[in-house]
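Working notes, structure below.
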Amino acid sequence: MKSAIAHTLLLFAGLAGGACTGTIGTGISTNGTSGHGGSDDPGVTVGGPSTGSQPPSTAVLRRITAAQYRNTIADIFGADVVYPTLEQEPALLGYASVGASSVGTSPVGVERYQAAATAITSTVFATAARRSRLAACAPTKVDDADCATAVLSRLGRTLYRRPLSASESERLVALAIGIARDHKDFWKGIEWATLALLQSPKFLYRSEFGTASSGEIRRFEDFELAARLSFFVWNASPDEALLDAAQQGKLRTAQDIQGEIKRLLLSDKARRGFRSFFQEYVHLDDSTVAAAAASTVAIPASLYMAAREQTLLTLENAFFEQEDDISEVLRSPVTFMTRELAQHYGVPAPAGDGFSRVSLPQDGMRKGVLGHASLLIKFSNQPNSAPTARGKFVREAFLCQGVPPPPPNVDELPVPIMDRPITMRERLEEHRSNPACASCHALTDPVGLGLENFDSLGKYRDKENGLAIDPSGELDGDTFANPGEMADAIGRHPQLAGCFVRQLYRHATGEAEPDNAPILDDLARRYVGTGKSLVDLITTLVTTDAFLNTRSPL
Amino acid sequence: MKNILNRRRVLRGIFQGTTIAVSLPRLEMMLNNNGTAWAQTGTPVPRRFGVWAKANGVHINDWVPKQTGKAYTIPPQLAPLAPVRDHFSVLSGLDLPDIGQQALRGHCGQHTILMNGVGMATSPTTIWVTGKSIDQLVAEKLPAASRKSIHLGTSGGPPPEVESPFHWWSHNGKDSPNVCNYNCREVFDMLFKGAKLPQPGTPTPPAAPGGIDVTAKAKQSVLDYCKQDADDLLKIVGTADKRRLNQHLEGIFEIEQRLKAATAAGMEAGVLDPNGQVKVSNCSMPVEPSIALIGGTSGDYNANVRLINKTMAQLLAMALACDITRVFTFETMQPGCRTNVKSISGRDDSYHGLSHGGPDDVNYVKVQVAMMDELRIFIEILRDTNDGAGSLLDSTVVLASDCTNEGPSHGLTDFPMLMVGGKSAGLRLGEHIRFNRGNGLRVPLTLARAAGAGLSRFGTDSGVTESFSELMS
């Protein structure tokens, strides 16, 4: 039984009948499948949860995301290389990696890859000093095929995330030598060959299809696994050391894989890579989108961007430095402040410039990321707060409960009666009194109204239109009296940890839902059982059969 | 008001160069006696097809004229279009079929039904658009230009909460949106940079073919390499990925086509035929736009955004006049767009927020009127661009519509549609054409056929096969 999909279908079936069902998504079930099965490959000892009788997911082509492209180019050619914008993949279910597993590339998208590749090579080959970074040899003549082979083998391995095959190498070197002769310039040939590598679908898409292992199960090959690890943890291509490990067959035991993961996690690249996950987990905009959106909000752009950075720093610190679990992240008073942010929040300003780690009052209303202006602004319809959007966000991001968009041909809420003040809670009453709206809004609005003490800019308020705000409510049976208590309620929600695992799995694999649904329950149980450390969860995830195996593409 | 065909300008612009001597008689051969066809081949002046889109609905009672026929009184929301009323017709009484997974479509994807003739599907838990949109179906049927289609936008952001493919108007098959470009300079570079087009008053001869162009040869070898790599992958991937790779290959082929045209004529944009002759009569280099003209970067729908709208329309007109493309979508607001419209309405609110407020809101009406003013500018720019003996607008069939019917209800009934231009394609213009609950999907089908795309049907499920004869003169 593919439980996640079944749950989803259940939800939509319910909707067709005019009602949102209650909750969907898995919590941590206590009667999960199976113990720890062995791998089908005797050469691999995997300590992770078993996939039991569940087949792994089918293999799909995964386009490298715009962020992965950016990180990879920076790692290989230098962070100073600039290139025109790429076509952005849609963030499906909030995750670029999920979108990149199914989206097509339009003609303009292909053209953008060409423009980016041209910009990159023209920088990288601009000077002899610069190109020498890529040189594995010094050419002795314009059509020095040996030197071209040496340079391009290295570059090809880096960009294709595996050694070039003999025929690929032959084609590439022939291309380079032909162009070098035409231009009477060895390096022109290399430059054009690099352009070819950067525009090749073999660079732009990850084709990880494994080799037949047992029955329909295929095991990812060494280089494919290296790429999976690296794109997961660094959100970028593997480095030389990881490719070397793959080449030497040192990614075949759980111990080896965990050793590599430890190395990857200790690198600064892991922080950079996980910023993408954190950003997607809490539905923050990409930095370029955020920069554009900043001007739509009635606060300085610097403050808007600082609020976004506050959230990312808080999550990074909590997960990596403090090794907090997700529950603590949602309740913790610890965050990061600049003077500008502190003034906005009305809390004491930190000493010094830039961000400082601070702890907000323990008894405060503002707890965890739900008290961050970044999210409160994002889930508002400026200049008003948007409790429905806020509640939907909490359900979807933290509890993995899908809330569909409203049906067509529903009448809008009545325009607020202006002859007397009215609160948002009163205005939303219509949502819950109208049966067509009530089933879904009963899920979103009470949660969102719990955040009504924070206005559309994320500032604290206890009155709206001169009327007292009532932020009390309940979340799936757990009552709360104010935003701080609501953060606690989410923090102890039984689906929180399981959902966090699911979201990480989506980011890691690009799958909306795994074909092997019990893997999520297994992982969630282990996550809870091992003290809910993200680092431990990552380490566990990469040694599960679900991460190591695949099935033939359909 | 309308310019006449200015052959002298063409003469000055292109053929008074020093490297190619061209005599006047050869120039005369460019057009037939009526100016309706390219003389050398007898090919008629091409027809074009496009979609002009706004977002967030209209207030239908102030949009639909009270009278039908030619003598209708322009309703309040269409007021800015009065000066160009001979160039469009208002279509009313049309509904879109309620197809696809209603719960998933929600209240913001009505235009995907209009454009695709099919609803949305899940994949498996996510909203996707299925099928090809009408512009892509038309593009496949029209003779090849150097680009299958172009997709321009004025105000792209900030985007809706979750970026999803159904926010786009054009889809080249399942899961493959044609994303709009909101950056005027990028559009200019993509379409015109490096093209040796005539500059008004400045003779710019095309480069003479001759010798081996080593750069073009290198470009071709790179494309060949990439095609081979794609072919390698096609052998190992599943069905869905084959489709994706073929979409990618389509992009490579388009680059290749342009390269071939460029190699033949020494031009990037492919506006010369292999003999080095300009294929169309009113093609010239547009002004290079300022780098500040990027939609979506301004929080407000301010003067800069209005300038972007105008500049994009000018770039589009020249792309059509130069026969760089024959198909386009032009999006004046992204569906669900939250752009602040304070500078139009005077109230600090997003267009999306305002549209939910309802028709009685005077600020909402102001924005609607401003959007129609953008359409007026668009129409005038196409009208004032020469094309053969007529105007570009006459050979360009445009469907102007919205992502939803009315802001507050987000429904499918009484869907707002205008048909614009296309006089030489036989469209009945200058009227209010009233239907009694007609199937709105027949409008894109009729317009596609008028543009020369012989589609037998449009859409699946409740797809349509019959044109509306009422739309033709």
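Rounded, prolate or oblate for segment B:419-470? Axes are the square roots of the Cα gyration tensor eigenvalues, ordered a ≥ b ≥ c, and the cut-off for rounded is a/c under 1.5. Provide the component values of the computation, followed by the final result.
Working: a/c = 2.82, a/b = 1.26, b/c = 2.24.
Taking the square roots of the gyration eigenvalues as a ≥ b ≥ c, segment B:419-470 is oblate.
With a ≥ b ≥ c the root eigenvalues of the C-alpha gyration tensor of chain A, is it rounded (a/c under 1.5), prolate (a/b larger than b/c) or oblate? Please report the intermediate quantities before stating the final value.
Numbers: a/c = 2.08, a/b = 1.59, b/c = 1.31.
Judged from the Cα gyration tensor, chain A comes out prolate (a/c at least 1.5, a/b above b/c).
Give the average over all directions of the projected area of the C-alpha convex hull of segment A:306-376, one decimal, in nm².
Working: hull surface 17.3 nm².
Averaged projected hull area, Cα only: 4.3 nm².
Which whole-angstrom value gives the distance between the alpha carbon centres of segment A:499-523 and segment A:442-483?
So the separation of the two Cα centres works out to 31 Å.
Among the lysines, select those whose C-alpha is under 16 Å from the C-alpha of B:LYS342, and discard any that sit fewer than 8 residues away in the same chain.
B:LYS366
Any idea how far the Cα center of segment B:400-433 sits from the one of segment A:52-77, in Å?
With segment B:400-433 and segment A:52-77 each reduced to a Cα centre, they are spaced 43 Å.
How would A:TYR527, B:TYR72 line up from fewest to most surrounding beta-carbon atoms within 10 angstrom?
The most exposed by this proxy come first: B:TYR72, A:TYR527.
Quick one: if the Förster radius is 56 Å, what FRET efficiency do B:ARG437 and B:ALA292 give, using the C-beta to C-beta distance and rounding to 0.05?
Values: r = 47 Å, r/R0 = 0.83.
For B:ARG437 and B:ALA292, the calculated efficiency is 0.75.
Averaged over B:317-326, how many beta carbons belonging to a partner chain fall within 10 Å of each residue's beta carbon? The partial results should precede the final answer.
Details: counts 0, 0, 0, 0, 0, 0, 0, 0, 0, 0.
Neighbouring Cβ atoms belonging to other protein chains average 0 per residue here.
Please identify the trypsin sites (Lys or Arg not before Pro) of segment B:47-81 that satisfy two criteria: DSSP loop assignment and at most 14 other Cβ atoms within 10 Å. Which are they?
Details: sites: B:ARG47, B:ARG48, B:LYS54, B:LYS66, B:LYS70; in loops: B:ARG47, B:LYS66, B:LYS70.
The qualifying sites are B:LYS66, B:LYS70.
Ranking B:THR339, A:THR121 by Cβ neighbours within 10 Å, fewest first, what do you get? Please list the in-between numbers first.
Details: B:THR339 28, A:THR121 23.
Ordered by Cβ neighbours within 10 Å, fewest first: A:THR121, B:THR339.
In straight Cα distance, which aspartates and glutamates are under 19 Å from A:LYS184, not counting same-chain residues fewer than 8 positions off?
A:ASP143, A:ASP144, A:ASP146, B:ASP213
Below 11 angstrom from the Cβ of A:GLN199, what's the summed charge of the other residues (Lys, Arg +1; Asp, Glu -1)?
Details: positive: A:ARG112, A:LYS202, B:LYS219, B:LYS227; negative: A:GLU111, B:ASP229.
In short, +2.
Counting only other chains, what is the mean number of Cβ atoms within 10 angstrom of the Cβ of each residue in peptide A:286-295?
Values: counts 2, 0, 2, 6, 1, 1, 11, 7, 3, 8.
Mean inter-chain Cβ contacts per residue within 10 Å come to 4.
Under the definition of partner shielding as Cβ atoms of other protein chains within 10 Å of a residue Cβ, what is the mean value for peptide B:240-250? List each step's numbers first, then the result.
Numbers: counts 8, 12, 2, 1, 10, 6, 1, 7, 12, 3, 5.
For this peptide, the per-residue mean of nearby foreign Cβ atoms is 6.
Which value, in debye to the nearest 20, describes the size of the charge dipole of segment A:280-384 about its Cα centre when Lys and Arg Cβ atoms bear +1, Asp and Glu Cβ atoms bear -1, and nothing else is charged? Mind showing how you got there, number by number?
Details: 7 positive and 13 negative charges, 93 e Å.
In debye, rounded to 20, segment A:280-384 gives about 440.
So which of A:LYS141/B:LYS193; A:LYS141/B:LYS242; B:LYS217/B:LYS242 end up more than 30 Å apart by C-alpha? Present the calculation step by step, with values, prior to reporting the outcome.
Details: A:LYS141/B:LYS193 35 Å; A:LYS141/B:LYS242 42 Å; B:LYS217/B:LYS242 28 Å.
Beyond 30 Å between Cα atoms: A:LYS141/B:LYS193; A:LYS141/B:LYS242.
Report the net charge of residues surrounding A:CYS137, where surrounding means a beta-carbon distance below 11 angstrom and charges are Lys +1, Arg +1, Asp -1, Glu -1. Walk me through the numbers before you get to the answer.
Numbers: positive: A:ARG154; negative: A:ASP144, A:ASP146.
Neighbour charge sum, excluding A:CYS137 itself: -1.
If packing is taken as the average count of other Cβ atoms within 10 Å, what order do A:239-247, A:528-536 fall into, highest mean first?
By packing density, highest mean first, the sequence is A:239-247, A:528-536.
At a Cα cut-off below 15 Å, give the aspartates and glutamates reachable from B:LYS310, other chains included and same-chain residues fewer than 8 away excluded.
Result set, ordered by chain and number: B:GLU288, B:GLU331, B:ASP373, B:GLU374, B:GLU380, B:ASP384.
Could you tell me which of rounded, prolate or oblate describes segment A:91-172, using a ≥ b ≥ c as the square roots of the eigenvalues of the alpha-carbon gyration tensor, with rounded for a/c under 1.5 and, failing that, prolate when a/b is larger than b/c and oblate otherwise? Could you put the intermediate results ahead of the total?
Details: a/c = 2.59, a/b = 1.90, b/c = 1.36.
Prolate, since a/c reaches 1.5 and a/b exceeds b/c.
Bear in mind that the values in this text are calculations on the coordinates, not laboratory data. Please read these numbers as outputs of a predicted model, since none were measured by experiment. Note that we place each Cβ from the backbone using ideal geometry, even for glycine, and neighbour counts take in every protein chain shown.
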